[in-house]
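What follows is a set of notes on a single structure, which appears directly below.
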Amino acid sequence: MTLANGVYGITLSEKVLLGNRVQLNGIFDKFPGSGVESAVEGIDFSQLELIVMDKKDSETEQADYLKGKRFSETNLNQLKNWQQEFNFREGWFETSFDFESLRVQHTVYALKHMLQTGIIKMTITAQEDRFFSLKNTLSMARPYAFQSSQYLHQLREREIPLFTASATSPGGKYTLATTTSFYFANDKEKPLLTYVDDGEGRPSLGFEKKLLKGESITFYLIGSVGTTFNYTDPLKETARLNIYTLLKGPEVVISQHKATWEQFWQKTDILISEAPEVNKNIRQMMFSINSFVSAQTRFSSACMGLGVDYWGYKTLWDADFWIFPALLLINPEAAKSMLEYRWDRLDMARQNAASHGYQGAMFPWESGSSGEEQTSLLYLTGPFQHHITSDVGLAFWRYYCVTLDKKWLRERGYPLLKEVADFWVSRAEKNGEGRYEIKNVVGSDEYAINVDNDAFTNGSARQVLQAALSAARLVGEVPIPAWQEVADKLLIRKFKDGTVQEHDTYEGELIKQADVNLLSFPLDVITDRKTVHQNLTYYENRIDEEGPNMSYCMFAGAAARAGDRAQATRLFEKALQPYLKGPFQILALRKNRLSTYFGTSAGGLLQAVILGFGGLHFTENGLVQKDPLLPEGWKSMQLRGIGTGQNFKVDGK
């Protein structure tokens with residue numbers, strides 16, 4: 001389970017008190033042995049060790065904790081009355097269990113409104129007389145280099161416990177810092193805090209407490225994370241954030257966190273009549289992608305958000321083509337940060353295009369800190385998966401289509417779209433028949449390497465060229481005539497029966513993920529229903545069942561656009577049910593593999609729901625509803641606060 005706020009994410013282990021991971025967004029370094037960047041972790045503030053004495057030893061004058069029962073050495077199946085609750089409306093995850101006659105309640109908050117800070121609230125209740133200790137440890141394993149820790153507890157006239165630690169990122173690029181503080185709900189119950197520096201990079205701050213049967217203690221662990229990426233002195237800044245939270249009061253801060261989430265849900269929601277389980281799944285998707293990105297950070301999103309990612313938390317097409325459109329529809333301000341991330345790297349995209357012999361801007365397949373290509377040399381996606389440039393351009397165009405912000409279009413949207421259009425004009429080659437081809441690419445089907453005229457690459461290039469033409473007209477600029485010529489004459493091949501051919505040499509091989517079918521949804525390049533049906537029928541059985549969950553959601557949207565309710569229903573179920581894992585219905589990357597939440601699939605499914613079933617279209621005149629179609633069993637659907645606050649309703653008839 002991962003809780004995140006767009007700046008950091010905390011992925012909880014099975015045991016939740018320890019073994020967790022804090023992942024930072026948008027802060028990259030090179031790790032030893034790797035030639036490319038990965039995002040760095042933060043010093044985890046959540047590590048807790050609970051040691052409970054048995055009754056005999058706890059009655060001695062000086063309890064001997066070496067004889068105590070350690071939570072870290074206890075198997076989960078030895079814990080009684082284990083319960084967990086995930087509340088994505090309010091943004092918290094709670095675990096309760098019995099351990100050595102103590103009832104432990106542990107609740108985690110990744111604060112939505114204080115982006116560097118989190119809170120863990122704990123209540124421990126004695127079921128028998130018990131003596132226990134609890135300590136918070138701050139450490140980092142290799143390849144991170146732990147630097148130092150410090151305990152400050154007297155600031156002028158106030159006693160404020162501040163436990164700080166710092167480390168260096170693997171390549172030495174950044175200093176990382178974390179500060180934690182204990183806050184006790186009842187000042188009279190406040191125990192003496194003890195700081196221990198073990199000299200081995202695992203300092204701790206903790207306390208001891210005796211509880212009689214029926215007594216409880218409630219306390220809060222406040223944690224703030226920072227780096228020299230955003231602060232010149234992250235140790236002092238994280239300490240200040242702890243002081244602020246401590247003196248404001250953790251419950252006040254938690255209530256503000258919950259209110260921030262409630263404001264989102266009051267503004268934006270999806271309500272499906274007579275499909276409660278699916279509705280819950282859809283709301284969890286909304287929660288998840290809205291946790292991956294925060295407004296005004298200028299960060300984008302990784303494929304797995306801030307959970308456990310397999311691509312170094314870099315930005316790929318998953319962000320621009322899959323996650324961004326869905327986030328744009330439910331939280332445009334957060335989505336705008338994803339565009340700012342790309343805008344900040346436009347100069348590097350220009351340099352990338354020039355170094356490859358092209359005009360305009362060519363965005364990298366895997367992007368990190370600077371916008372340089374960060375794909376490993378083991379893969380050819382970096383040099384050849386050029387559709388990413390269309391994906392970025394279409395994201396900018398869709399932002400205008402939702403907001404109709406002409407000032408933004410003039411200052412941001414059109415300048416970037418112009419660079420993208422210039423790239424494709426220089427990238428396309430005119431053949432002897434007067435048609436334009438795009439040769440030697442990796443398409444969205446990454447099993448097809450170095451192919452010519454990939455359908456998705458050519459189709460998305462056509463769409464982004466059309467977007468650039470529209471944007472030019474809207475801001476009063478004169479477009480280059482070649483944009484229209486290339487858009488009109490880009491080649492998309494077909495088999496003899498009219499089915500679109502994935503690329504020039506495609507003959508029915510297994511494919512990794514959707515390619516041709518993306519032209520029907522969400523691109524709207526192919527709209528005639530006969531061809532949409534043909535493409536769905538042909539390619540559905542050629543998808544690799546062991547591949548990522550990046551096909552059937554878009555197939556469902558295409559079926560809805562084609563007016564086939566039964567097929568849309570079946571394909572949506574195929575995209576959803578096999579990938580929901582565990583009691584909290586975590587949307588997995590692959591059917592037969594557990595993972596943290598796969599944001600790419602969530603973005604695709606939300607597009608299927610809002611754009612496909614809801615019938616919404618991105619147009620230069622705003623969001624327009626046309627021919628919505630609900631799956632079987634959905635009586636009605638309300639789309640509240642979509643885009644800039646529009647409401648839509650769909651009946652299931």
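Tell me, what is the 1.4 Å probe accessible area of Lys121, in Å² to the nearest 10?
Looks like 60 Å² after rounding.
Between the helical axis of 346-355 and the dominant principal axis of the chain, each derived from Cα atoms, what acute angle in degrees is found, rounded to the nearest 10?
It is inclined by approximately 50 degrees.
Taking only protein heavy atoms and a 1.4 Å probe, what accessible area per residue, in Å², does the chain have with all protein chains in place?
Per-residue accessible area for the chain comes out at 38 Å².
Roll a 1.4 Å probe over the protein heavy atoms and report the accessible area of Arg435 in Å², nearest 10.
Answer for Arg435: close to 80 Å² accessible.
Among Ser148, Val650, Ile27, whose Cα sits farthest toward the positive end of the charge dipole of the chain (+1 at Cβ of Lys/Arg, -1 at Cβ of Asp/Glu, about the Cα centre)?
Val650
As a check on your grasp of the helix formula, calculate [θ] at 222 nm for the chain: sum -39500 (n - 2.57) over DSSP H runs of n ≥ 4, divide by the residue count, round to the nearest 500.
-9000 deg cm²/dmol
From the square roots a ≥ b ≥ c of the eigenvalues of the alpha-carbon gyration tensor of segment 209-282, which class results: rounded (a/c under 1.5), prolate (a/b over b/c), or oblate?
Since a/c reaches 1.5 but b/c is at least a/b, the shape of segment 209-282 is classed as oblate.
For the pairs Lys188/Lys236; Lys512/Lys574; Lys574/Lys653; Lys67/Lys210; Lys80/Lys258; Lys267/Lys626, flag any whose C-alpha to C-alpha distance is greater than 18 Å.
Beyond 18 Å: Lys188/Lys236; Lys574/Lys653; Lys80/Lys258; Lys267/Lys626.
Excluding residues fewer than 8 places away in the same chain, name every one of the lysines whose C-alpha is closer than 24 Å to that of Lys489.
Lys418, Lys430, Lys439, Lys530
In segment 1-126, carbon and sulfur make up what percent of the accessible area (probe 1.4 Å)?
It is 42 percent, rounded to a whole number.
Roll a 1.4 angstrom probe over the protein heavy atoms and tell me the percent of accessible area of segment 256-301 that is carbon or sulfur.
Carbon and sulfur: 47 percent of the exposed surface of segment 256-301.
The values are calculated or read from the model by the stated rules, or taken from the named source; none is laboratory data. If you're wondering where the values come from, they're calculated on a predicted model, not measured in any experiment. Cβ sites come from the backbone with ideal geometry, for glycine too, and all protein chains shown count toward neighbours. When the accessible area is computed, the model is the full protein with side chains, heavy atoms only, and any ligands, DNA or RNA have been set aside. Shrake-Rupley method; radii C 1.70, N 1.55, O 1.52, S 1.80 Å.
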